[in-house]
Amino acid sequence: MNKSESIYKQSVEGRQDLEKADFLNRIIARAIDLIIVIALYEIIPKIGYLAGISYLLMADGLSEGRSIGKRLIGLKVVIRDSADRIAACGFKESILRNLPLAAGYILFGILKAIPLIGWIISFAVIAGIMLFESLVMLGNEDGMRLGDEIAKTQVVEENRGE
């Protein structure tokens, strides 16, 4: 058991203790994180792209399940285990849950060399991935998108009383 798991490990009775994150709050938190990725890409020549991918993949594992965007909005990512306990999201789960979204950014890095067409294709793929993930999230009772299903995570409202 790692440090974040030992700090946040707790029993959950019937899942009532977890309040699924509001859809709009998740969108705002993701937008903040994407602004950070774009800033890294634009401000740091050469390595900004790799820094952006790294942030996209690992952001939710940086601060006990809270990327910068989630921390500002009051959300956190938790791991749900089979014993019906929760723990803060770690780096492994963060990478797994963010792979679908990072795939579009990775494609952008490959296709950006093709003027206009590469950008259009990249934008279409990124928009398609985000739309698909949003629809899955809206259709899921716990607000879990495909990345959450893969990593066994859920985004919840931060418990201010902790």
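Here, each number is a calculation from the coordinates, and none is a lab measurement. Since this is a predicted model, take the numbers as computed values, not measurements. So basically every Cβ, Gly included, is an ideal-geometry build from the backbone, and we count neighbours across all protein chains shown.
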Of all GluC sites (Glu not before Pro) in segment 115-158, the ones in DSSP coil with at most 10 other Cβ atoms within 10 Å are Glu141
Distance histogram in 10 Å bins (all Cα pairs of segment 30-107, percent per bin): 20, 48, 25, 6, 1
Tell me which residues come under 5 Å, amide H to amide H, from Asn140 once H is placed; ignore anything under 5 positions away on its chain. none
The ratio Rg/Rh over the Cα atoms of segment 84-162, Rh being the Kirkwood inverse mean 1/r radius, stands at 1.10
Which whole number of Å³ per residue matches the convex hull of the alpha-carbon atoms in segment 83-122? 72
Report, by chain and number, residues whose modeled amide H sits under 5 Å from the one on Gly65, excluding near sequence neighbours (fewer than 5 apart, same chain). Cys89
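Find, among the trypsin sites (Lys or Arg not before Pro) in segment 42-99, those assigned to loop by DSSP (not H, G, I, E, B) with at most 14 other beta-carbon atoms within 10 angstrom.
Lys46
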Viscosity 0.692 mPa s, temperature 37 °C: what is the translational diffusion coefficient of segment 29-75 from Stokes-Einstein with a Kirkwood Rh over Cα pairs, rounded to a whole number of µm²/s? 311
Taking the chain on its own, what percent of its Cα-Cα pair distances exceed 19 Å? 54
Between Ile47 and Glu141, the FRET efficiency computed from the C-beta separation at R0 = 30 Å comes out, to the nearest 0.05, as 0.15
Most mobile of Met58, Met144, Met130 per a Gaussian network model of the chain (Cα springs, under 10 Å)? Met130
